[in-house]
1. When only residues in region 16-60 that are of a type in the set (A, V, I, L, M, F, W, C) and not in a helix (DSSP H, G or I) count, which is farthest from residue 6 (Cα to Cα)?
2. Kindly indicate which of 158, 77, 145, 120 is part of a loop (DSSP other than H, G, I, E, B), more than 27 Å from residue 2 (Cβ to Cβ) and out of contact with any Pro (no Cβ under 9 Å at 6 or more places or on another chain).
3. Go through (1) in contact with a Leu (Cβ under 9 Å, 6 or more places away or on another chain); (2) more than 16 Å from residue 109 (Cβ to Cβ); (3) not polar (S, T, N, Q) for residue 63 and report which single condition fails.
4. Sort out which residues of region 104-117 are buried (at least 22 other Cβ atoms within 10 Å of the Cβ) and free of Cβ contacts under 8 Å to residues at least 40 places away in the same chain, and write them in order of number.
5. Looking at 161, 125 in this structure, which one is surrounded by 13 or more Cβ atoms within 10 Å (Cβ to Cβ), closer than 23 Å to residue 25 by Cα, of a type in the set (Asp, Glu) and at pLDDT below 95?
6. Answer yes if at least one residue in region 42-49 is in contact with a strand residue (DSSP E or B) (Cβ under 7 Å, 6 or more places away or on another chain), surrounded by 13 or more Cβ atoms within 10 Å (Cβ to Cβ) and within 22 Å of residue 125 (Cβ to Cβ), and no otherwise.
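The values are calculated or read from the model by the stated rules, or taken from the named source; none is laboratory data. Predicted model, so just to flag it, every value in this text is computed and none were measured. FYI the Cβ positions are ideal-geometry reconstructions off the backbone, even for glycines, and counts take in every protein chain you see.
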Amino acid sequence: MENAIIRKIEKSDNDALSKLIRAVFEEHNAPKEGTVYSDPTTSDLYALFSKEDAVLWVGEVDGVLAGCCGIYPTAGLPPYCAELVKFYLNPVFRGMGLGKALMNKSIESAKRLGYNKIYLESFPEFSNAIKMYQNMGFRLLQKPLGNSGHHACSIWMLRCEEPTSI
């Protein structure tokens, strides 16, 4: 996207991001309880992602907050594994390459932060995102990893990086 900017979250993004995330759940009639929808941290993502080993990327198009995607060290995950989190796009900006750009930026960040496995949780209601995850190398798991606290999720996926030789 020519006029898109991808940048780190700013404190002033909190309200718009929480509204965007909840609107996507409502749009897809996805479960609200036991998900990021009802998670109190969704209202202050800037604070949540202020950790050194986490990052949330925000996509902005012509000054409009269009989407987000990030990496977070969810408790209980295996060593060198982080979670791909908060991947949401405003419907107006879907299908333009912004989602893929946000996901690639997050995957690059995970590698830079020292992670070689990326886990995610989702729902059947987000079937287009599931297809994208599979195209990006994520494979389905039989059960959840870690302790995200989002017990309503029913799809779990993992992407492993090939070890690099020196």
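1. Among residues in region 16-60 that are of a type in the set (A, V, I, L, M, F, W, C) and not in a helix (DSSP H, G or I), the one farthest from residue 6 (Cα to Cα) is 30.
2. One residue alone meets the criteria, 77.
3. So the condition that residue 63 fails would be (1).
4. Result: 110, single match.
5. 125
6. Yes.
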